[in-house]
Ligand code: ISL
Ligand code: CA
């Protein structure tokens, strides 16, 4: 069987983190009108689908991933009328809108939870997951993604509720058919507005292992994969959502997949499964996370990254689909993490762009990558806003890590690295706001900003644009097969995309050394590269080339 053709395989996603994109009214917070002002900029880049991180009403404990009303827009971002105008502006430009939805948990300020906590026999009680404590302790030893116990005590009814994230993010009880009905009706509400699909937050976590047994696993990643994710009824639920709503619309669905492995991937995205179109697996994002997670780092390298790409390619074959990305709003800037944000910032940002846009899968670009934006190093923990960073700061400094040591870890791994405002120009606060930004701008905005990048034909931005245009023409980059070309140096990543139309050869030197290679280039035309190198038999530091035959 050959691979199925679908628009959502061909198009490229651009993720907007609304809080940090563009502020239109000077309150320091990015908003919907701000996005509307920049739609031509996004269109000009050449992407097709805008993924918007959550814009629903929220007390913002986790920047919108804690929703208190799924059917209304958070006032800081605008109104439903602004939303309709945004959707219209996106469609008028021939683009599509992907909404982010969070159905594993709601906010504790959602009306359902406010009712649920009132009494054990409240009709909304079973919308959440409640348990008695064990001798004054939580019901089990599960830990939250953001540190501490995954249970919080509710004195009024003398029970604990489950929250796999912060205590302001109580987990919804999908076992309750009423909860599922409510969720499908919310999904339908947005689809009937004409949006083009959903990114579903932590979807593999929705079905719980109901024995709520203590875990003896050491590493948090293992706990996620074996205890929190892929619960017994997860496929029943996703399939039910598909049958009840999703199947009636021409949309795309992408599940965020912590804990989904190459073994379980096809269960979510196999073309015959009637579940999701694709997943963001997080295997490469979780590389380097030690037993206690991201702030407990262990070494890893490109060998691991390349191995994971191979394993996922194998696992999907022609039967399923993934997205390809190297960062998003939860992980450090890709040029800082996988490239070189010093001497070779521009070159390595281009190399990573070439990789993301030539591997097999729906490419996803995070805002600012097209400028080559890099991590930030704030001097004080007070400058950070992320609840994850603050919770772990407390936990780590209470157990022996010095505040300075922890700050260094945040510089490398914290989520605020990608949440500093978009750098539009050299004016105050990088042109993001006329007021005081909710989080400081990265001081490097004088060197890295959209205005300069747009004025420079050799910039990262135009490299993305060329790659995106090339990808539109060459469907081999979408549907073609993929194979690694072995090379002597482990610093090189050389591979080919191929089908009966053509062969596209990609050569990446992801190191700051020059390397020779022995690939025979006869018959190939060079289409794109990030530097001039007359010696075709070598690859200079961070050089990337794309050939076609
Ligand atoms: O960021 C992470 C680790 O530091 C991830 O483990 C992340 O928590 C996980 O991938 C789930 O992320 C999603 O759900 C969270 C939210 O905070 C993230 O922003 C979202 O992408 C809870 O809704
Ligand atoms: Ca604003």
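Taking the Cα-to-Cβ direction at residue 71 and at residue 485 and moving 7 Å from each Cα, how far apart do the two end points lie in nm?
5.7
Could you tell me how many degrees, from 0 to 90 and to the nearest 10, lie between the Cα long axis of helix 460-473 and the main elongation axis, the longest principal axis, of the Cα atoms of the chain?
90
If you take the beta carbon distance between residue 267 and residue 457 as r and set R0 to 56 Å, what does 1/(1 + (r/R0)^6) give as a FRET efficiency, to the nearest 0.05?
0.75
Could you list the residues of segment 239-263 with an amide nitrogen less than 12 Å from a label point located 7 Å from the Cα of residue 217 in the Cα-to-C-beta direction?
Answer for segment 239-263: 258-261.
Measure nothing but the geometry: give the 0 to 90° angle between the long axis through the Cα atoms of 177-192 and the longest principal axis through the Cα atoms of the chain, rounded to 10°.
40
Mind giving me the nanometre distance, one decimal, between the label points for residue 4 and residue 397, set 7 Å out from Cα along Cα→Cβ?
A separation of 5.2 nm, rounded to one decimal place.
Considering only C-alpha atoms, what is the centroid distance from segment 316-339 to segment 84-133, in Å?
With segment 316-339 and segment 84-133 each reduced to a Cα centre, they are spaced 26 Å.
Residue 473 to residue 44: FRET efficiency via 1/(1 + (r/R0)^6), r the Cβ-Cβ distance, R0 25 Å, to the nearest 0.05?
Step by step, r from the Cβ atoms, then E = 0.90.
What angle do you read, to the nearest 10 degrees and between 0 and 90, between the alpha-carbon axis of helix 302-316 and the longest principal axis of the chain?
With both axes taken from Cα atoms, the answer is about 70 degrees.
Between rounded, prolate and oblate, where does segment 33-117 land on the alpha carbon gyration tensor, with a ≥ b ≥ c its root eigenvalues, rounded for a/c under 1.5, else prolate if a/b exceeds b/c?
Values: a/c = 2.86, a/b = 2.36, b/c = 1.21.
Because a/c hits 1.5 or more and a/b exceeds b/c, segment 33-117 counts as prolate.
For residue 298 and residue 525, compute 0.36 nm times the residue count separating them, minus their Cα-Cα distance, and round to one decimal in nm.
In short, 77.6 nm is gained.
Per DSSP helix of 4 or more residues, -39500 (n - 2.57); summed, then divided by the residues of the chain. What does that give at 222 nm, rounded to the nearest 500?
So the calculated ellipticity at 222 nm is -7500 deg cm²/dmol.
The numbers here are math on the coordinates, done by the rules we state, and not lab data. Since we're looking at a predicted model, the values are computed, not measured. With ideal geometry, Cβ positions are generated from the backbone for all residues, glycine too; neighbour counts draw on all protein chains shown.
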